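The values are calculated or read from the model by the stated rules, or taken from the named source; none is laboratory data. In this text, all values refer to a predicted model and were calculated from it rather than measured experimentally. In this analysis, Cβ positions are derived from the backbone assuming ideal geometry, glycine residues included, and neighbour counts consider all displayed protein chains. The area values use the complete protein model at the heavy-atom level, side chains included, leaving out ligands, DNA and RNA. Shrake-Rupley method; radii C 1.70, N 1.55, O 1.52, S 1.80 Å.
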Amino acid sequence: MLVSWAWLSPLQPCWAQTPSLGSSAPVLMWQYGGCIPGPYCNTGWYSSPVVVDLDGDGQQDVIWGSYDVVALNGANGSLKWRAPSGNRVWPGIAVADLTGNGTLEVIVGRSSDQLTVYDRFGNVVWTQNPFGTGELRTLAVADLESDGRLEILVGRTGSNQTPQLTVFEPNGTVRPGWPVRHSGEPGFGWGLYNENVAVADMNGDGFKQVFSPTTGHADFFRSGLAPGTHTLSIQVIGKNLLSSDFWILIDAFDVIP
């Protein structure tokens with residue numbers, strides 16, 4: 001299952017917990033959550049907030065980021081914790097139980113090639129620089145081989161740079177066989193500028209496929225068949241009607257440990 005907002009399977013959705021009040025005009029509950037006195041708020045850019053009971057106290061929290069990431073009391077907007085940073089948060093924040101211990105982690109992608117995982121109290125679990133340069137604008141969490149362990153998928157912007165998409169294990173190590181695309185492979189791409197990834201098991205064999213369009217073409221990666229395998233096939237799947245460029249489908253087999 002692909003998660004690019006919050007891992008909510010153990011919880012009721014918010015709408016199921018709220019009785020119907022009939023039709024009425026929206027009522028402002030609170031504002032300026034997470035802003036500094038003034039109030040002064042940094043630009044939210046493209047990152048979407050998450051609503052989830054982050055610390056297991058039975059109350060919904062709101063987690064959002066501009067540069068800092070903040071966790072707010074969903075009822076009144078008061079600050080629960082702040083994770084400061086000078087790097088801009090681009091993709092929607094993801095929340096998931098990465099370690100399988102029943103508690104949630106907060107996963108954040110930023111500019112300056114910064115990927116950070118926080119615990120439910122805002123403490124840094126680990127930080128990585130996946131590519132060495134670029135803005136991380138694509139972020140998702142998924143169980144790639146249906147083994148009950150979640151992986152983190154992250155992609156960057158770029159100017160015909162490779163690689164552009166990689167996968168991290170819950171402990172912050174890079175998954176074998178990643179990142180992709182590799183230098184010298186056919187095709188081109190100019191980066192992942194939004195939430196440019198989707199994950200699905202297309203043929204029911206328990207291994208997920210990863211779909212990742214760039215500004216130039218669409219990439220298709222498979223999550224693996226056997227230890228040590230890494231094969232590549234290319235086929236033209238469509239034509240850009242606005243130019244002479246073709247969309248390219250790349251099928252790569254990941255390495256399974």
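Structure notes:
- Average Cα contact separation per residue, the stretch 23-87, under 8 Å, 6 or more apart, as relative contact order %: 27 percent
- Residue-normalised accessible area of the stretch 11-160, expressed per residue, 1.4 Å probe, Å²: 48 Å²
- The simple Förster model, with R0 at 30 Å and r as the Cβ-Cβ distance, assigns N101 and Y40 a FRET efficiency of 0.20.
- Mean Cα-pair separation over length for the stretch 60-185, i.e. relative contact order, pairs under 8 Å, 6 or more apart, %: 15 percent
- Packing-based ranking, highest mean first, of 149-158, 48-57 given that Cβ atoms within 10 Å are counted: 149-158, 48-57
- Segment Y67..W126, full-extension length gain: 19.5 nm, with 0.36 nm per residue of separation and the alpha-carbon distance subtracted.
- Overall, the accessible surface of the stretch 24-86 at a probe of 1.4 angstrom is composed of carbon and sulfur to the extent of 56 percent.
- Computing FRET efficiency as 1/(1 + (r/R0)^6) for V27 and D201, where r is the C-beta to C-beta distance and R0 is 41 Å, gives about 0.45.
- The stretch 116-176: chymotrypsin sites (Phe, Trp or Tyr not before Pro) in DSSP loop, at most 14 other beta carbons within 10 Å: F121
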